[in-house]
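To start, the structure itself, in structure tokens.
The values are calculated or read from the model by the stated rules, or taken from the named source; none is laboratory data. Every value quoted in this text rests on a predicted model; they were computed, and no experiment measured them. Here the Cβ is made from the backbone with ideal geometry for all residues, glycine too, and neighbour counts use every protein chain on show. These area figures cover heavy atoms from the full protein model, side chains too; ligands, DNA and RNA do not enter into them. Shrake-Rupley method; radii C 1.70, N 1.55, O 1.52, S 1.80 Å.
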Amino acid sequence: MRKTPVWKSIALNLTSDIAEGRYNTGDRLPTEAQLAAKHGVNRHTVRRALSDLADQGLVHARRGAGVFVAARPTDYAIGKRVRYHKSISASGKIPGKKILTLTTRAADETEAEALEIASGDQVHVYDGLSLADGQPIGLFQSVFPADRLPGILEALSETESVTKALQHCGVKDYTRISTRLNARAATATQALHLRLTEGAPVLYSVGINADPNGLPIEFGRTVFAGDRVTLTLNED
């Protein structure tokens, strides 16, 4: 079993401290010497952990003053009515989306089963990045049945919003009918998009959304930057 590097463990502990409010935005973290003594390591190891947090935008250093908290991980609620912009705005950050690709192709078996269509049927696919205050927090893919939502790619191109695009296609409301979460290590491509190091912890989410009649209309896969997002589950 591959062990977590000591510097990564320190970085994860500090991220947890920030996420749980032990250090707020603008607070100064303990010095390198204090952190080294606490964890029983040398300052070089601590420095690497702090550098990792800085690369993620969580902390920043001030020459001669120390290392300060730049931002707390984004709270993202997952429930029956998941609305990205609303959830991120509620966390006090500015939501955003970036389109990577909009394509049409044949559905694979997993997508077909989730959307209750035949394997090989056409689906519209939206690949993109989810942003919070301009920082990437999630790499996502949304898959839609082409015959049910023929105009959704054009609507997505204009709005970048799944909710608005679905409304444009006549789906006024939708709910999450299933969500699965697990932890993974970032691949090289995922790390590049999310500005992480390859192998960094990520949260992998798979969800299905349905229209008011219970018919599946979206099958989504999202890779969240594990150190930047706190997922919360609710029933709403």
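What FRET efficiency, computed as 1/(1 + (r/R0)^6) with R0 = 30 Å and r the Cβ-Cβ distance, is obtained for Arg47 and Gln141, rounded to the nearest 0.05?
Details: r = 36 Å, r/R0 = 1.21.
The calculated FRET efficiency here is 0.25.
Show me the three semi-axes of the equivalent ellipsoid for region 1-118, from the C-alpha gyration tensor (sqrt of 5 times each eigenvalue), largest first, rounded to whole Å.
38, 20, 13
List the extent of the Cα atoms of region 1-69 along each of their three principal axes, largest first, rounded to whole Å.
In descending order, the Cα extents are 37, 24, 20 Å.
Using alpha-carbon positions, what is the distance between the centroids of region 18-65 and region 144-193, in Å?
What the calculation gives is 36 Å, centre to centre.
Under a 1.4 Å probe, what is the accessible area of the chain per residue, stated in Å²? All intermediate terms of the calculation are to be shown ahead of the outcome.
Working: 12270 Å² over 236 residues.
Roughly 52 Å² per residue, with all protein chains present.
At a temperature of 37 °C and a viscosity of 0.692 mPa s, determine how fast region 96-169 diffuses translationally according to Stokes-Einstein, using the Kirkwood radius over alpha-carbon pairs as Rh; express D in µm²/s, rounded to the nearest whole number.
On the way: Rh = 12.7 Å.
So the translational diffusion coefficient is about 259 µm²/s.
Straight-line reach from Lys8: which lysines have a Cα under 27 Å away, not including same-chain ones fewer than 8 places off?
Lys38, Lys93
When you take every Cα atom in the chain, what is the radius of gyration, and what is Dmax, the widest Cα pair distance, in Å?
Calculated on Cα positions, Rg and Dmax stand at 19.9, 63 Å.
Please grab the % of Cα pairs in region 179-233 that end up more than 15 Å from each other.
Considering region 179-233, 52 percent of its Cα-Cα pairs are separated by more than 15 Å.
Hey, could you get me the Stokes-Einstein D for region 140-236, Kirkwood radius over alpha-carbon pairs, 10 °C and 1.306 mPa s, rounded to whole µm² s⁻¹? Write out the running numbers ahead of the final one.
Details: Rh = 14.8 Å.
D = 107 µm²/s.
Roughly what angle does helix 43-55 make with the longest principal axis of the chain, taking Cα atoms, 0 to 90 degrees, to the nearest 10?
The angle comes out at about 30 degrees.
In the chain, carbon and sulfur make up what percent of the accessible area (probe 1.4 Å)? Don't skip to the end; give the middle numbers.
On the way: 6010 of 12270 Å².
With neighbouring chains kept in place, the figure for the chain is 49 percent.
Among the lysines, which fall within straight-line cross-link reach of Lys97, defined as a Cα-Cα distance under 24 Å, with same-chain neighbours fewer than 8 residues apart omitted?
Lys80, Lys86, Lys164, Lys172
If each Cα of region 63-118 is one equal point scatterer, what is log10 of I(q)/I(0) from the Debye formula at q = 0.24, 0.26 Å⁻¹?
One equal scatterer on each Cα of region 63-118 leads to -0.98, -1.01.
Assign one of three labels to region 40-90, namely rounded, prolate or oblate, based on the Cα gyration tensor with a ≥ b ≥ c the square roots of its eigenvalues; rounded applies when a/c is under 1.5, prolate when it is not and a/b is larger than b/c, and oblate otherwise.
Values: a/c = 4.69, a/b = 2.50, b/c = 1.88.
Prolate.
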